[in-house]
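The values are calculated or read from the model by the stated rules, or taken from the named source; none is laboratory data. Since the model is a prediction, treat every value here as computed from it, not as a measurement. Here the Cβ is made from the backbone with ideal geometry for all residues, glycine too, and neighbour counts use every protein chain on show.
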Amino acid sequence: MPREIILIAAVTVDGYISRHSFEVISWSKDLPLFKKQTMGYPIIMGSNTKKTLFSELKGRKNIIFHRKNEPKKILEEISSSRCYIIGGGQTFSRFYKFLTHIFITPHPYIFGKGVKLFSNKVEESELIFQKLIEVNSEKGIFQYQYKVRNR
């Protein structure tokens, strides 16, 4: 099992990752950073997220998570020291208790409805701020990196 299990996501300021389950995200400005950070590591995504991609994300082992899968079993099969959970809301919720870090990039949008970062209820956790990375300072877009306090 990886030592670092990282949720990585672009979100609106009201906590949504998309307008609907099959939205092809065009509003996110952090894709170059996402690619740089995830390159060479396994990425885990839900089947709906997979359907929104034009092609497989090259240079990374793409693991597709289905509702019937068990998160722990998938993680146990990963030999890398790090992996990324890349979406969507159901997948983020299912892997929540295994997360060691959260890399979140708020974008200057309000959707008011859509797919929340966590589609299902999750337990309260404290996050420890680690780093701030500039994505686009003119638009006020930064990635916040947090460590999940041991639960």
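Only one of these conditions is not met by Phe118: (1) out of contact with any Ser or Thr (no Cβ under 9 Å at 6 or more places or on another chain); (2) surrounded by fewer than 20 Cβ atoms within 10 Å (Cβ to Cβ). Which number is it?
(1)
Given (1) of a type in the set (S, T, N, Q); (2) out of contact with any His (no Cβ under 9 Å at 6 or more places or on another chain); (3) under 26 Å from Lys113 (Cβ atoms); (4) surrounded by 12 or more Cβ atoms within 10 Å (Cβ to Cβ), identify the lone condition not met by Ser26.
So the condition that Ser26 fails would be (4).
Across region 30-75, what is the number of residues that are outside any loop (DSSP other than H, G, I, E, B) and basic (Lys, Arg)?
Residues that pass the stated criteria total 6.
For the condition of a type outside the set (Gly, Ala, Ser), modelled with pLDDT under 95, on the phi < 0 side of the Ramachandran plot and out of contact with any Leu (no Cβ under 9 Å at 6 or more places or on another chain), what is the one hit in Phe54, Phe129, Phe118, Phe65?
Numbers: Phe129 fails: modelled with pLDDT under 95; Phe118 fails: modelled with pLDDT under 95; Phe65 fails: modelled with pLDDT under 95.
So the residue among Phe54, Phe129, Phe118, Phe65 that is of a type outside the set (Gly, Ala, Ser), modelled with pLDDT under 95, on the phi < 0 side of the Ramachandran plot and out of contact with any Leu (no Cβ under 9 Å at 6 or more places or on another chain) is Phe54.
Looking at Leu127, is it of a type in the set (A, V, I, L, M), surrounded by fewer than 19 Cβ atoms within 10 Å (Cβ to Cβ) and out of contact with any strand residue (DSSP E or B) (no Cβ under 7 Å at 6 or more places or on another chain)?
For Leu127, the condition - of a type in the set (A, V, I, L, M), surrounded by fewer than 19 Cβ atoms within 10 Å (Cβ to Cβ) and out of contact with any strand residue (DSSP E or B) (no Cβ under 7 Å at 6 or more places or on another chain) - is not met.
Lys97 versus (1) in a helix (DSSP H, G or I); (2) touching an Asp or Glu at 6+ places or on another chain (Cβ under 9 Å); (3) surrounded by 16 or more Cβ atoms within 10 Å (Cβ to Cβ): which is the lone unmet condition?
The number of the failed condition is (3).
Given the criterion assigned to a loop (DSSP other than H, G, I, E, B), farther than 22 Å from Met39 by Cα and either under 17 Å from the mean Cα position of the chain (by Cα) or in contact (Cβ under 8 Å) with a residue 24 or more places away in the chain (or both), identify the matching residue among Ile110, Ile78.
Testing whether each residue is assigned to a loop (DSSP other than H, G, I, E, B), farther than 22 Å from Met39 by Cα and either under 17 Å from the mean Cα position of the chain (by Cα) or in contact (Cβ under 8 Å) with a residue 24 or more places away in the chain (or both) leaves just Ile110.
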